[in-house]
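Below is one structure, written out as structure tokens, with a few remarks after it.
The values are calculated or read from the model by the stated rules, or taken from the named source; none is laboratory data. As the structure is a prediction and not an experimental result, all values here were calculated from the model. A quick note on method: Cβ atoms are made from the backbone with ideal geometry, for glycine too, and the neighbour counts reach across all protein chains shown. These area figures cover heavy atoms from the full protein model, side chains too; ligands, DNA and RNA do not enter into them. Shrake-Rupley method; radii C 1.70, N 1.55, O 1.52, S 1.80 Å.
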Amino acid sequence: EEDQIYFNEFFRAMGNILKNVADSHSSFCEIIIENQDNGISIIVKNRFSQKFKRQGSGFGLKSTQELLEKIGGIFCFYSQDGLWVSRIYIPFLRSKGIAA
């Protein structure tokens, strides 16, 4: 049996994060995806331009957190060593008959 994830939640979360990377005019972006025992871990690191002016309300980050929490996932973000880091955990679907 293959492990499957919640595709819609994965797609929306990654879309929100990558939109933020693009909007910040990042000169660097690294994406690390690891298979964990019960799900996948995704780390997105990006450098943001010092000329970047904050845009938006931050609702994209909040909605991403709420979206992932509804399926038992985790989302957090922080600044580290001059990089913006977003961390996601998405659990695997375990029930048969549920499509990802």
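Using a 1.4 Å probe, how large is the accessible area of Phe10, given in Å² and rounded to the nearest 10?
50
Please list the non-local residues whose amide H lies under 5 Å from the amide H of His25, H modeled 1.01 Å from N, same-chain partners needing a gap of 5 or more.
Long-range HN contacts for His25: none found.
Working with all protein chains in place, sort Ile5, Ile74 by solvent-accessible area computed with a 1.4 Å probe, largest first. Spell out each step's value before the answer.
Details: Ile5 35, Ile74 100 Å².
So, going from the largest accessible area down, we get Ile74, Ile5.
Can you list residues whose amide H is under 5 Å from Ile5's amide H, if they're 5+ apart or on another chain and H is modeled 1.01 Å from N?
For Ile5, the qualifying residues are Leu93.
Taking θ = phi - 60°, what integer Hz values does the Karplus form 6.51 cos²θ - 1.76 cosθ + 1.60 yield along region 81-86, in sequence order, with x for Gly and Pro?
Rounded to whole hertz, the list is 6, x, 10, 8, 10, 10.
Go through Ser26, Ser79 and list them by solvent-accessible area, largest first, probe radius 1.4 Å. Let's see the in-between values first.
On the way: Ser26 35, Ser79 80 Å².
So the residues, ranked largest to smallest area, are Ser79, Ser26.
Which order, highest average first, do 63-71, 38-46 follow once you tally other Cβ atoms within 10 Å for each residue and take the mean per peptide?
On the way: 63-71: 15.7, 38-46: 17.3.
Highest to lowest by the protection proxy: 38-46, 63-71.
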